[in-house]
Amino acid sequence: MGRRLVPLTLDSLAEVPLSCRSCVFWELDPVNGEAAIKAGQAELEKESWISAVLLEWGSCGRIAYVDDAPVGFVLYAPAAYVPRSLAFPTSPLSPDAVQLITARILPDYQGQGIGRTLVQAVAKDLVRRGFKAIEAFGDARWSGPGCVLPADHLLAVGFKTVRPHPRYPRLRLELRSAISWKGEMEVALERLLGAVQKEPSLRPL
């Protein structure tokens with residue numbers, strides 16, 4: 001199988017599931033997000049967000065391909081570009097960290113190291129850009145696919161709680177340790193990325 005990672009761009013955004021392309025949970029504040037959905041503008045707002053982040057900050061995602069088929073992706077950005085993060089009781093993110101927004105791996109490709117490769121690519125990218133950590137808001141009561149990653153899975157892949165909360169703790173992963181993940185971390189990471197799968201497949205258009 002041929003494997004490759006490519007940066008997420010406006011051209012490759014079509015390779016992301018429609019449910020994710022039209023989701024603006026993180027990209028807009030709650031009021032504007034609801035308005036965009038009601039107006040049928042969520043997908044356009046997502047494209048505008050990707051465009052702005054790419055122009056102003058740089059690469060903010062990776063897509064994984066196996067034999068030219070998209071099988072997973074990861075999205076990340078500084079808190080300044082993630083308005084919804086301010087609505088969480090454990091905000092703000094640390095100034096030396098970038099937020100892990102979302103990540104997915106298709107069920108058929110879990111356990112093959114693809115998730116590890118994606119996150120390590122993000123870690124290496126952010127280290128080069130001077131950041132020290134990835135942070136995420138976890139859901140301590142996670143019961144199914146949603147926009148907030150399950151806290152227990154984040155803890156399982158090496159994140160540490162930096163601000164506890166009964167529902168939405170803020171967790172942190174030091175980047176240099178992420179780059180050297182081995183063994184059980186790979187298995188746990190695959191569980192994390194597979195746990196938030198919303199669609200049965202990533203379908204290229």
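Of the solvent-accessible surface of the chain, computed with a 1.4 Å probe over protein heavy atoms with every protein chain present, carbon and sulfur atoms account for 55 percent. The heavy atoms of residue 165 offer some 60 square angstrom of accessible surface to a 1.4 angstrom probe. For the stretch 1-136, the solvent-accessible area of protein heavy atoms averages 42 Å² per residue (probe radius 1.4 Å; ligands and nucleic acids excluded).
Summing charges over neighbours of residue 81, with a neighbour being any other residue whose Cβ is under 15 Å away from its Cβ, gives -3 when K and R count +1 and D and E count -1.
Near residue 38: Cβ cut-off under 15 Å, other residues only, Lys/Arg at +1 and Asp/Glu at -1. The net charge is -4.
Normalising the average separation of contacting C-alpha pairs (under 8 angstrom, six or more residues apart) by the number of residues puts the relative contact order of the chain at 23 percent. Within the full protein context, the accessible area of residue 117 is estimated at about 50 Å² for a probe radius of 1.4 Å. Charging the Cβ of each Asp and Glu at -1 and of each Lys and Arg at +1, and nothing else, the dipole of the stretch 1-85 about its Cα centre rounds to 220 debye.
The values are calculated or read from the model by the stated rules, or taken from the named source; none is laboratory data. This one's a predicted model, so the numbers in the text were calculated from it and none came from an experiment. Note that each Cβ is placed from the backbone with ideal geometry, even for glycine, and that neighbours are counted across all protein chains shown. Accessible surface areas use protein heavy atoms only, side chains included; no ligands, DNA or RNA. Shrake-Rupley method; radii C 1.70, N 1.55, O 1.52, S 1.80 Å.
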